[in-house]
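All of the numbers you see were taken from the coordinates with simple rules; none came from a lab. Note that the structure is a prediction, hence the values are computed from the model and not measured. Positions of Cβ are backbone-derived with ideal geometry, glycine not excepted, and every protein chain shown enters the neighbour counts.
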Amino acid sequence: MNTSMDVVEIQNHLKKKQSERRFIHTIGVQYTSMCLAMKYSYDLKKAELAGLLHDCAKYLDADKLLKTCHKNNIEITQVEQKSPYLLHGKVGALFAKKKYGIDDEEILSAIRYHTTGKPDMTMLEKIVFVADYIEPSRNSAPNLEDLRKLSFENIDEAVYAILKQTLFYLKKKNQNIDQHTVVTCNFYRDLLGRKDDE
Ligand code: DGI
Ligand code: FE
Ligand code: FE
């Protein structure tokens, strides 16, 4: 089967599962991932598939996400138990493999960790993490214009800036914080030598 056909088939499938807004975001992440792959000399096809599939489990409600994890022996942390939407990355990686036939571990890992990030991410993990935040239809985060520019100048700086903003927003809203998000933020703070940042 021809690869571009695969992408169109996946798009058609996702379009039926997702709301119009979510589908526009999905396509935005697909193309933004490819743009970042161009900039950072990464495989365009892998970036395209990872971006396209990153939210493929987002249409499931909390109950379904928890049930799918139980059924497939996917570990659920205490924070995920309280905020099950955090599981859409783990379940997304499962669906990418089972429903969409993706075997590439790098792609699956980029889907799995796209919400919290993880320390020392691969280029593809960073590409999807950043693309998810800066794609064209996103408009709520502050400093998006600067952040979009920064993403194409220094991807580690962009990852760190996004994590800092996310943690600030979660604290302000009194949300449960997943330790993965904190540990990842600290990893990139140290990597970039920002010992003084909060
Ligand atoms: O699925 P999307 O909306 O496209 O984006 P996403 O998968 O990055 O999810 C974004 C949400 O996840 C956003 O509201 C912030 C939230 N999030 C990120 N890290 C954490 C978190 N939520 C909690 N409760 N804890 C975290 O550590
Ligand atoms: Fe997501
Ligand atoms: Fe997303």
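Descriptive notes on the structure:
- Mean projection area, nm², convex hull over Cα of the chain: 11.1
- The chain, relative contact order in percent, only Cα pairs under 8 angstrom and at least six apart counted: 20
- Of the peptides 169-179, 51-61, the order by per-residue mean of other Cβ atoms within 10 Å, starting with the highest, comes out as 51-61, 169-179.
- Radius 14 Å from Cβ of Q175, net charge of other residues (Lys, Arg +1; Asp, Glu -1): +2
- Neighbour cut-off at most 15 other Cβ (10 Å), DSSP loop, GluC sites (Glu not before Pro), the stretch 2-107: E75
- Rounded Å value of the spacing that divides the Cα centres of the stretch 24-59 and the stretch 120-165: 13
- Note on K98: lysines with a C-alpha under 20 Å away, same-chain residues under 8 apart excluded, are K15, K16, K17, K45, K46, K58, K64, K67, K71, K90.
- Local electrostatic count at I107 - Lys and Arg +1, Asp and Glu -1, tallied over other residues with Cβ under 11 Å: -3
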